[in-house]
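The values are calculated or read from the model by the stated rules, or taken from the named source; none is laboratory data. Worth saying up front: this structure is predicted, and the values here are computed from it rather than measured. Here Cβ is always computed from backbone atoms with ideal geometry, including for glycine, and neighbour counts include all displayed protein chains.
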Amino acid sequence: MIRVRMLAAWSCALVMLSAVGAAFAQDQVARPDRPHWSLEIKGGRFFPDLDNWKEFYGNDSTTQLGLGFGYKVLRQLEVGAEASFIRDKGVGFLPLNQMPGGEVTWTLVPVDVFVLFRGVFNENQWVVPYIGGGWTRAFYKQEIKNQEDVEGKTDGYNARLGIQLLIDNMVPGEANSAESRVGLDNTYLYLEAKTFSAKKNDVELGGTSYLLGILLEF
Amino acid sequence: MPHIQLTGQVNAPAWLTCATLLLPVVCQADELNVPGDFDTIQAAINAAQPNDVVMVETGTWNESLTLASDVTVRGREAARTILDPGIDAAAVSIDAKANATLRNFTIVSGSTGVSVSTNSSGAKLLNNIFNVGVLNDAVTVDAGSSVEITNNTFWQNNLAVTSVDNLVKVKNNIFSNNGTAIADSADDEFISWNCFFANTTANVKGNNSTDADPLFVNTAIRDFHLKAGTDCIDAGDLNETDVIDGSRADTGAYGGGTADVFPYPAQNVSAAANGADSITANWAANLAYLVAGYDVYYDCDRSGSPYDGQTNGCGAPTSPTAVSPGSSTTFTLSGLTPPVIIPDAPVLLQAVPSNQTLSLAWTAVAGATGYRVLYGVNAADENSIDVGNVTSYELRGLQNGVTYLVAVQALNQPTYYIALKVYDSTGNRHESVFSTETATPLGPENASAMSNIVSGLPEEVVPFPILPNEGCFIATAAYGADYAPEVTILRAFRDRFLLHSTPGRALVNAYYATSPPIADFIAARPVLKAGVRVALLPLVVLAVFLLEATAWQQLLVTALCMVLLACVVRRRIFRCAPVITGQAHD
């Protein structure tokens, strides 16, 4: 429920920012082309939905790194794929001893396929909000010291929203140079809130991530 | 007559102090010790007053020096006081200074070993070893500077000495394996009593020179003492004597009146126990011509000097025990009585369970040389394992679900510490410093009482969250663990070969779809496990071959297999052929 409310609040904020961004961009000179491809690198914190996570892994969140690419079907519509890497070290449980014990390394690799709607109406628009979602396959692995690993996969869904800041406008000369040299059209710095859900035997592997990233458009 | 002893780090000039005191005193030169009084040699030089001596202890000094007027910079032992600035400039500079002296150093780097610039006078280079490399010059002297270069050893330099006039006096030195020994235009009378060998150009120069191999003891460790038989011994100035043995001066860094008198320390010292009460020590011979023998020192209660092994109950021989034959490089310490020291019992702090494992930790005990872990189901001392000198240990291979009793004992095994000194044959019996110490255990280990007993219940760790394993089911069931080497090999084979093709992926998917119930069936039946392991063996061997063999090895084995196959086919044909032929004849 909290997650739904957060998504709604973020959506409203992004719609407003989109309007502001578009209005601000009207004074800019429109570029002739639009980019078709995007590459993004991101990192941040992942908050698992599992209730007892902190008891076993010592913290209520862990580091997440991600790499994604996308194809822009339209300027406002993008399809893409992304892989994230989430890892933490903690302990397991000893049922006979009724105590935590052992050494467990938890690795989760969610692979997302997504559709993204971006509020971009001008190539020079400073602020671009976006929202999207799609299908997720989550690969998991538990490495337990002196014991057999546990590994597997499961499917689920993902949703994300965020806000992108066009940093080309801050250094226009460099941006033009990059465009002419490597075909890099736009570079954005962005903040993203992302959630995914993927259950295996009624165990929820998903959670919410807060990520900072850089987006390159070609 | 009273003295004023000016010590160490004195900033007020000594001569000023002397001059202002209207007393009948004699001002004695200070000895400024590095690193005792100053961290760097240059700091000591900068603080030195006229007639002071900067005494530098053995070690490698990574600094370049600028000498001062009327100050002597002296190394404790030439062979082991090493100046290694490692820069592309002079290691030592004497620039417009009077009476600066450098003695008893080994200089091993710098674009120039010692550079004496114009307008320096009375400089002295005494009993140094120059080995700055075949691309660099050892000593360069500018025109108009006067220098005495006496009793130095020059080995493997580009130009050993370059000078342009008669103000440079070169005497009693050894020039060996340099590009050029002496490059100058001085008259021969200023170059005298030197020993030359295997220099590329200007090999022999000056008056009363000797052309002979100096027979250095060991250039690899820069021990440039001379071996017996070389003509460079007693080949120096007839009017000068060696401080070491009082004979006519030798040439090189260990000749004359300002040489250091210490033999090079013994090398490669080792020792091993012989039974319960003796230890045999071995070392490399020191072949310097004045070396007469070795003193073997030992102790059993602690490392380092003093080695008073006999007086504190370590055994019968005196310590030191002289080994005098000179060339003998082995000695057995017999009749030793290793002390019996029973250490205190440690406290076992924890036995943390995990899969088939108890992780133990205990307190350290003074004097313990090792620890013994005791464990069992009915009593702690059913089994034991010596785990070395550690305070934690993972006791593995236990049965899950069984409560074990665990304890620890501290162990003490007497250790003998052995070191050598080299001594010479002179009346003063000069000794080297101690060699590197070697330690060897001797006698039985003495165990402490058992520690407190801690129980532990090993069991399989349940990871969080609880998820199903979709790994390599059948192989895991057969080999008993996911981390078994065979399972690891098969998993690598799957990832590297099967998952890269459509048929391979289909095979893997089909395996995952059907194998879990089969694996459960196998896991519950030990006999079946063994059968499956045998059945999987060819696959494991094939996987190892494909994963580990090089392309050439794979090609070779494939060719051999094809040849074998061809032979089998041919045999079958030949076995059948007579029958067919016979039938035809019939």
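Consider region B:117-140 and keep the residues that are surrounded by fewer than 18 Cβ atoms within 10 Å (Cβ to Cβ) and of a type in the set (A, V, I, L, M). The one that is farthest from B:V243 (Cα to Cα) is B:L135. Of B:L405, B:L411, B:L374, B:L398, all but one fail to be in contact (Cβ under 8 Å) with a residue 24 or more places away in the chain, farther than 17 Å from B:A449 by Cβ and out of contact with any Leu (no Cβ under 6 Å at 6 or more places or on another chain); the exception is B:L398. Residues in region A:136-150 that are part of a strand (DSSP E or B) and of a type in the set (K, R) were compared, and the one that is nearest to the other protein chains (Cβ to nearest Cβ) is A:K141.
Of note, B:E189 does not satisfy the criterion of being surrounded by 15 or more Cβ atoms within 10 Å (Cβ to Cβ), closer than 23 Å to B:L167 by Cα and not hydrophobic (A, V, I, L, M, F, W, C).
Taken as a whole, the structure leaves B:D70 outside the set of residues that are surrounded by fewer than 22 Cβ atoms within 10 Å (Cβ to Cβ) and under 27 Å from the mean Cα position of the chain (by Cα). I'd like to check something: does region B:326-335 contain any residue that is buried (at least 18 other Cβ atoms within 10 Å of the Cβ), touching a residue at least 60 places away in the same chain (Cβ under 8 Å) and touching an Asp or Glu at 6+ places or on another chain (Cβ under 8 Å)? Looking through region B:326-335, none of the residues is buried (at least 18 other Cβ atoms within 10 Å of the Cβ), touching a residue at least 60 places away in the same chain (Cβ under 8 Å) and touching an Asp or Glu at 6+ places or on another chain (Cβ under 8 Å).
If the condition is being at pLDDT 95 or above and part of a helix (DSSP H, G or I), then region B:8-61 contributes B:I41, B:Q42, B:A43, B:A44, B:I45, B:N46, B:A47. For B:P306, the criteria (1) more than 27 Å from the chain's Cα centre (by Cα); (2) free of Cβ contacts under 8 Å to residues at least 12 places away in the same chain hold in every case but one, which is (1).
Here is a yes/no grid of residues against (1) more than 14 Å from chain B (Cβ to nearest Cβ); (2) closer than 30 Å to A:K145 by Cβ; (3) part of a loop (DSSP other than H, G, I, E, B); (4) touching a Lys or Arg at 6+ places or on another chain (Cβ under 6 Å):
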residue	(1), (2), (3), (4)
A:K54	no, yes, no, no
A:G68	yes, no, no, no
A:V91	no, yes, no, no
A:W106	no, yes, no, no
A:P110	yes, yes, no, no
A:V115	yes, no, no, no
A:V128	yes, no, no, yes
A:G134	yes, no, no, no
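Taking the options A:F121, A:F56, name whichever one is within 30 Å of B:A351 (Cβ to Cβ) and either modelled with pLDDT of 95 or more or aromatic (F, W, Y) (or both).
The unique qualifying residue is A:F56.
If you scan region B:356-382, which residues turn out to be polar (S, T, N, Q) and either surrounded by 14 or more Cβ atoms within 10 Å (Cβ to Cβ) or within 14 Å of chain A (Cβ to nearest Cβ) (or both)?
Those that are polar (S, T, N, Q) and either surrounded by 14 or more Cβ atoms within 10 Å (Cβ to Cβ) or within 14 Å of chain A (Cβ to nearest Cβ) (or both): B:Q356, B:T357, B:S359, B:T363, B:T369.
Only residues that are in a strand (DSSP E or B) and either within 14 Å of chain B (Cβ to nearest Cβ) or buried (at least 23 other Cβ atoms within 10 Å of the Cβ) (or both) were counted across region A:198-217, and they come to 9.
Only one entry in B:A577, B:A510 is at pLDDT 75 or above and in a helix (DSSP H, G or I), namely B:A510. Checking each residue in region B:325-381 for being part of a loop (DSSP other than H, G, I, E, B) and among the polar types (S, T, N, Q) picks out B:S327, B:S328, B:T329, B:S334, B:T337, B:N355, B:Q356, B:T363, B:T369, B:N378. The criterion of being in contact with a helix residue (DSSP H, G or I) (Cβ under 7 Å, 6 or more places away or on another chain), over 17 Å from B:L358 (Cβ atoms), crowded, with 19+ Cβ neighbours inside 10 Å and not polar (S, T, N, Q) does not hold for A:G132. Taken together, the criteria exclude A:G80 from residues that are in contact with a Phe, Trp or Tyr (Cβ under 8 Å, 6 or more places away or on another chain) and within 14 Å of another protein chain (Cβ to nearest Cβ). Residues in region B:119-137 that are hydrophobic (A, V, I, L, M, F, W, C), modelled with pLDDT of 95 or more and more than 21 Å from B:A96 (Cα to Cα): B:I129, B:F130, B:V132. Residues that are over 17 Å from B:N136 (Cα atoms), assigned to a strand (DSSP E or B) and without any contact (Cβ under 8 Å) to a residue 24 or more places away in the chain within region B:180-196 comprise B:I191, B:F196, listed in sequence order.
Which of the residues spanning region B:303-320 are under 21 Å from B:G443 (Cα atoms) and among the polar types (S, T, N, Q)? Matches in region B:303-320: B:S303, B:Q310, B:T311, B:N312, B:T318, B:S319.
Scanning region B:197-207 for residues that are among the polar types (S, T, N, Q) and either assigned to a strand (DSSP E or B) or at pLDDT 85 or above (or both) turns up B:N199, B:T200, B:T201, B:N207.
The residues of region B:141-183 that are surrounded by fewer than 23 Cβ atoms within 10 Å (Cβ to Cβ), more than 35 Å from the chain's Cα centre (by Cα) and under 22 Å from B:C232 (Cβ atoms), listed by number, are B:E148, B:K169, B:A183. Number of residues in region B:258-278 that are crowded, with 16+ Cβ neighbours inside 10 Å and either over 17 Å from the mean Cα position of the chain (by Cα) or over 21 Å from B:A220 (Cα atoms) (or both) equals 11. Among the residues of region A:66-80, those identified as farther than 26 Å from A:T105 by Cβ and under 13 Å from the mean Cα position of the chain (by Cα) are A:F69, A:G70, A:G80.
On the basis of being in a loop (DSSP other than H, G, I, E, B), surrounded by fewer than 20 Cβ atoms within 10 Å (Cβ to Cβ) and either free of Cβ contacts under 8 Å to residues at least 12 places away in the same chain or within 14 Å of chain A (Cβ to nearest Cβ) (or both), does B:N469 make the cut? So B:N469 fits the description; yes.
Of all the criteria given as (1) facing chain B (nearest Cβ under 8 Å); (2) under 25 Å from A:T208 (Cα atoms); (3) in contact with a Pro (Cβ under 7 Å, 6 or more places away or on another chain), the one not satisfied by A:K153 is (3).
Could you run through region B:302-355 and say how many residues are within 14 Å of chain A (Cβ to nearest Cβ) and among the hydroxyl-bearing types (S, T, Y)? Break it down stepwise before answering.
Filtering region B:302-355 down to residues within 14 Å of chain A (Cβ to nearest Cβ) leaves B:350-355.
Okay, now just the ones that are also among the hydroxyl-bearing types (S, T, Y), so B:354.
Qualifying residue count, region B:302-355: 1.
When B:V406 is tested against (1) under 27 Å from the mean Cα position of the chain (by Cα); (2) buried (at least 22 other Cβ atoms within 10 Å of the Cβ), only condition (1) is not met.
Inspect region B:436-458 for any residue being more than 14 Å from chain A (Cβ to nearest Cβ), in a loop (DSSP other than H, G, I, E, B) and more than 29 Å from B:E394 (Cα to Cα) and give the result as yes or no. Yes, region B:436-458 contains at least one residue that is more than 14 Å from chain A (Cβ to nearest Cβ), in a loop (DSSP other than H, G, I, E, B) and more than 29 Å from B:E394 (Cα to Cα).
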